[in-house]
1. Name the residues whose placed amide hydrogens come within less than 5 Å of the amide hydrogen of VAL61, ignoring near sequence neighbours (fewer than 5 apart) on the same chain.
2. Determine the relative contact order of the stretch 7-108: mean sequence separation of Cα pairs under 8 Å and six or more apart, normalised by residue count, in whole percent.
3. Under 5 Å between amide H atoms, partner at least 5 residues away or on a different chain: which partners does ALA40 have, H built in plane at 1.01 Å?
4. If you rank HIS59, HIS70 by fewest surrounding Cβ atoms within 10 Å, what's the result?
5. Positive end of the charge dipole of the chain (Lys, Arg +1 and Asp, Glu -1 on Cβ, about the Cα centre): tell me which of VAL100, PHE31, VAL61 has its Cα farthest that way.
6. Which of the GluC sites (Glu not before Pro) found in the stretch 14-62 are loop residues per DSSP with 15 or fewer other Cβ atoms within 10 Å of their Cβ?
7. Hey, got the dipole for the chain? About the Cα centre, +1 on K and R Cβ, -1 on D and E Cβ, debye to the nearest 20?
8. For the stretch 81-88, what does the Karplus curve 6.51 cos²θ - 1.76 cosθ + 1.60, with θ = phi - 60°, yield as ³J(HN,Hα) per residue in whole Hz, taken in order and with x for Gly and Pro?
Amino acid sequence: MTRCAGLAGHLGALLDLPSYGVAKTPYVGEFTPPGAERGATSELIDDGEVVGAVVRTQHGVKPVFVSAGHRIGLDDCISLTVRLSGRCRIPEPTRQADIVSRRMLRERR
């Protein structure tokens, strides 16, 4: 596991389960915006290395940033991201996890 891995990658490695990350904004790298259609992609490049993909999950909306985490390749991460993004920009499992975690944080205050 690299130092640049996010929570999903670290948890996947700890549990030895396939995992990958999806972010609303890029943490590193440069990219060319993908086409406007659903499923369009472009490479996310940092220091000359492909570190992820920029993925358009809905026609004409902002793309998301996908990176392979543990035991899964980038192409499969891209495919899953598009398939799991129903009406929303963010894949549904990620969206639900975000909703639950924010609710828990509010309740702890």
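Since every read-out is calculated from the coordinates, none of them should be taken as a lab result. As the structure is a prediction and not an experimental result, all values here were calculated from the model. When we count neighbours, we look across all protein chains shown, and the Cβ atoms used for this are built from the backbone with ideal geometry, even at glycine.
1. When sequence neighbours closer than 5 places are left aside, there are no close amide H contacts.
2. About 24 percent, as a whole number.
3. Those lying under 5 Å, H to H, from ALA40 are ARG56.
4. Ranking HIS59, HIS70 by Cβ neighbours within 10 Å, fewest first, gives HIS59, HIS70.
5. Toward the positive end, the furthest listed residue is VAL100.
6. Working: sites: GLU30, GLU37, GLU43, GLU49; in loops: GLU37.
Passing both the DSSP loop test and the Cβ count: GLU37.
7. Computed charge dipole of the chain: roughly 840 debye.
8. 4, 5, 5, 8, 9, x, 7, 9
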